[in-house]
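Novice: Can you keep this structure in mind? I'll have questions shortly.
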Amino acid sequence: MTGLANRLINRPILASIRTSAFRHNLNRVRELVPESKIWAVIKAKAYGHGLEGALQGLESTDGFALLDIEDALWLRAQQWQGRILLLEGLFHENEIPVARELHLDLVVHCEAQIQWLETNALAGKPLNIFLKLNSGMNRLGFTPKAYRNAFHRLHAAGYHLHHMTHFANADQIDRQPTVGQQMECLQKTIEGLEASSSLGNSAAILWHRNAVGEWARPGIMLYGASPTGLHADIAHAHLEPVMQLRSEIIDVQELKKGDRVGYGGRYEAPEDMRIGVVACGYADGYPRHAKDGTPVWVESENGLGVTCPIVGQVSMDMLTIDLRAAPATGVGTVVELWGAVISVDDVAQMSGTIGYELLCALAPRVPVSIE
Ligand SMILES: *Cc1c(COP(=O)(O)O)cnc(C)c1O
């Protein structure tokens with residue numbers, strides 16, 4: 001194992017973004033919903049992966065969906081000529097000129113946005129609007145009662161309309177509102193209003209393929225993680241993890257039975273043992289709440305490697321692992337925090353959260369390499 005040194009001039013921590021995994025996962029989405037066009041959701045800097053790798057890996061998507069006009073500007077500056085959807089639409093009226101200039105598609109979810117678009121309705125190529133129905137999630141969108149009127153007003157102002165809603169529980173069967181209830185609400189509300197629709201997120205694509213619409217909106221599955229937070233739930237989908245977060249052991253401590261490790265002395269050595277200190281902590285985005293036993297993959301010379309659990313509290317820049325299963329390790333040994341072997345969902349589960357949060361929280365100080 002050569003270590004990470006040839007790619008770094010600094011601390012040995014690196015997030016590698018595999019563009020081939022992006023391509024694979026996008027192809028899987030297309031196989032699952034072959035009739036739908038794809039909005040590849042790249043909000044939150046592509047769920048922490050960075051826009052650059054996402055653009056390289058997902059360039060065959062039909063469009064990108066995101067929140068920030070700045071990110072849309074960046075995509076256009078990279079010569080991305082496909083569609084771009086602002087998932088929360090405009091935040092202020094003064095964004096309309098730049099939205100037009102960049103040819104953005106807009107979600108419209110509230111009365112203020114309609115008023116801005118009515119005031120600024122211009123002749124020329126009409127903007128595409130994805131009008132958002134609140135079909136039961138009660139986050140963004142028009143109530144069923146207000147929806148038809150909103151549709152007619154924007155239509156009258158010359159915009160090109162699509163229906164849109166978002167599911168609260170596409171990853172659960174026993175929670176309300178169910179996908180079925182939200183679909184029923186949608187169908188009743190849009191009856192007779194001719195337009196294509198954008199409905200399904202990753203969970204709907206995986207488990208409710210009849211509730212996706214003409215424009216699917218996959219996010220987390222493009223990154224190879226699970227909408228439920230449980231890796232086993234997506235095993236059947238054969239997705240590949242895109243981000244691999246690696247670091248190195250930077251020190252080894254020889255503990256005697258009864259010695260304690262780290263802040264708070266949370267872990268007590270049950271016998272004499274070696275502890276590896278890894279250059280990754282919560283300031284890199286690793287969850288501070290990771291429990292003892294959270295898996296870390298320790299690579300080895302023969303390429304086999306072994307799982308070594310976290311022992312002791314994760315600190316700002318370091319974490320500590322039990323090296324009893326990896327006797328031939330030392331300073332410079334490479335470890336994987338998540339990626340090819342350790343699922344980010346498994347780390348998240350041991351920390352009381354979901355993979356989405358860990359991926360998005362990758363800290364800016366971690367260098368990213370696109371591979
Ligand atoms: C984030 C988001 C998605 C993608 O959700 P995933 O669960 O990551 O697939 C889809 N639609 C909207 C409106 C979103 O905000």
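Novice: Relative to the Cα centre, what is the charge dipole magnitude of the range 243-370, using +1 at the beta carbon of each Lys and Arg, -1 at the beta carbon of each Asp and Glu, and rounding to the nearest 20 debye?
Specialist: Charge dipole, the range 243-370, about its Cα centre: 240 debye, nearest 20.
Novice: Placing +1 at every Lys and Arg Cβ and -1 at every Asp and Glu Cβ, with all other atoms neutral, what dipole size does the range 97-241 have around its Cα centre, in debye to the nearest 20?
Specialist: Details: 11 positive and 12 negative charges, 64 e Å.
The calculated dipole for the range 97-241 is roughly 300 debye.
Novice: Based solely on C-alpha atoms, express the radius of gyration and the Dmax of the range 193-316 in angstrom.
Specialist: Just the Cα atoms of the range 193-316 yield Rg and Dmax of 20.7, 73 Å.
Novice: Using only helices, what value at 222 nm comes out for the chain when you add -39,500 (n - 2.57) per DSSP H run of length 4 or more and divide by the total residues, to the nearest 500 deg cm²/dmol?
Specialist: On the way: 11 runs with 93 residues, N = 371.
That calculation yields -7000 deg cm²/dmol at 222 nm.
Novice: Quick one: dipole size for the chain, taken about the Cα centre, charges +1 on Lys/Arg Cβ and -1 on Asp/Glu Cβ, in debye to the nearest 20. Let's see the in-between values first.
Specialist: Values: 32 positive and 41 negative charges, 102 e Å.
Dipole about the Cα centre, nearest 20: 480 debye.
Novice: Taking the number of other C-beta atoms within 10 Å as the exposure measure, put M316, M243, M350 in order starting with the fewest.
Specialist: Values: M316 12, M243 27, M350 18.
With the sparsest Cβ surroundings first, the list reads M316, M350, M243.
Novice: Taking the convex hull of the Cα atoms, report for the range 243-370 its projected area averaged over all directions, in nm². Could you put the intermediate results ahead of the total?
Specialist: Details: hull surface 29.4 nm².
Across all orientations, the range 243-370 yields a mean hull projection of 7.3 nm².
Novice: Another one. Using the Cα gyration tensor of the range 19-232, with a ≥ b ≥ c the square roots of its eigenvalues, what is the shape: rounded (a/c below 1.5), prolate (a/b larger than b/c) or oblate (neither)? Don't skip to the answer; put the middle values down first.
Specialist: Working: a/c = 1.93, a/b = 1.12, b/c = 1.72.
Oblate.
Novice: Something else: Which angle between 0 and 90 degrees, to the nearest 10, do you get for helix 19-32 versus the longest principal axis of the chain when only C-alpha atoms count?
Specialist: Compared with the principal axis, the helix lies near 50 degrees.
Novice: At a 10 angstrom cut-off on C-beta neighbours, averaged per residue, how do the peptides 62-70, 90-98 rank from highest to lowest?
Specialist: Details: 62-70: 18.6, 90-98: 14.0.
Top of the packing list down: 62-70, 90-98.
Rule-based calculations on the coordinates, nothing more; no lab input. Treat the numbers as computed from the prediction; the structure is a model and nothing was measured. Neighbour counts are summed over all protein chains in view; Cβ atoms, including those assigned to glycine, are modelled from backbone coordinates with ideal geometry.
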